[in-house]
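The values are calculated or read from the model by the stated rules, or taken from the named source; none is laboratory data. All figures in this text were calculated on a predicted structure; none of them were measured in a lab. Neighbour counts are summed over all protein chains in view; Cβ atoms, including those assigned to glycine, are modelled from backbone coordinates with ideal geometry. Side chains included, ligands, DNA and RNA excluded: accessible areas come from the protein's heavy atoms. Shrake-Rupley method; radii C 1.70, N 1.55, O 1.52, S 1.80 Å.
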Amino acid sequence: MAISQAMTSSFRGQILLAVHDFRPTADSGASTFKLALYSSSATLDANTTTYSSSNEITGTNYTAGGVSLTNLGVTITNTNSTAGTGWLDFSDATIANTTITARGALIYNSTPKANSNANTTITNASVCVLDFGSDKTSTDGNFTIVFPAATNTTAILRIA
């Protein structure tokens, strides 16, 4: 079992099919993105296509399916040094008063748009896998996922 940080392969294709709407969370029609936490027993990588509860962590104040993320929106640059890089930023996510241990996470879209051309129903579509590098634990405290600075070289999700 292993967790390997990656943008999922299915997500890359779904971008072209308009499955994910990355307008800020407050905008009407924006997709709902969630972050589910997993134990070191989970197998998550670029081939992960959807959210699964298999090896998802359990613990005080953690709900299966994870926490909803606040999408702060997309930024696009178009200069010679960052030719056409697009990235997005999520607010840091906190699970309060919890006792849990997690090794990684899956960001997924719980409200994906179906591609009507392919007559496809898509449910809980994966976006990316996060590997924490080691088990992270909270004991009767806050478990916070801190997203990196939102720039063209450090944002959690970047497309160049």
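The set of residues from segment 29-47 being among the hydroxyl-bearing types (Ser, Thr, Tyr) and under 20 Å from SER9 (Cα atoms) comprises SER31, THR32, TYR38, THR43. If you go through segment 1-40 and keep only what is basic (Lys, Arg) and not in a loop (DSSP other than H, G, I, E, B), you end up with ARG12, LYS34. Picking from residues in segment 133-160 that are open to solvent by less than 40 Å² (accessible area, probe 1.4 Å) and of a type outside the set (A, V, I, L, M, F, W, C), the one that is nearest to ILE107 (Cα to Cα) is SER138.
Does ALA36 meet the test of being under 19 Å from ASP135 (Cβ atoms), of a type in the set (Gly, Ala, Ser) and modelled with pLDDT of 90 or more? So ALA36 passes the test.
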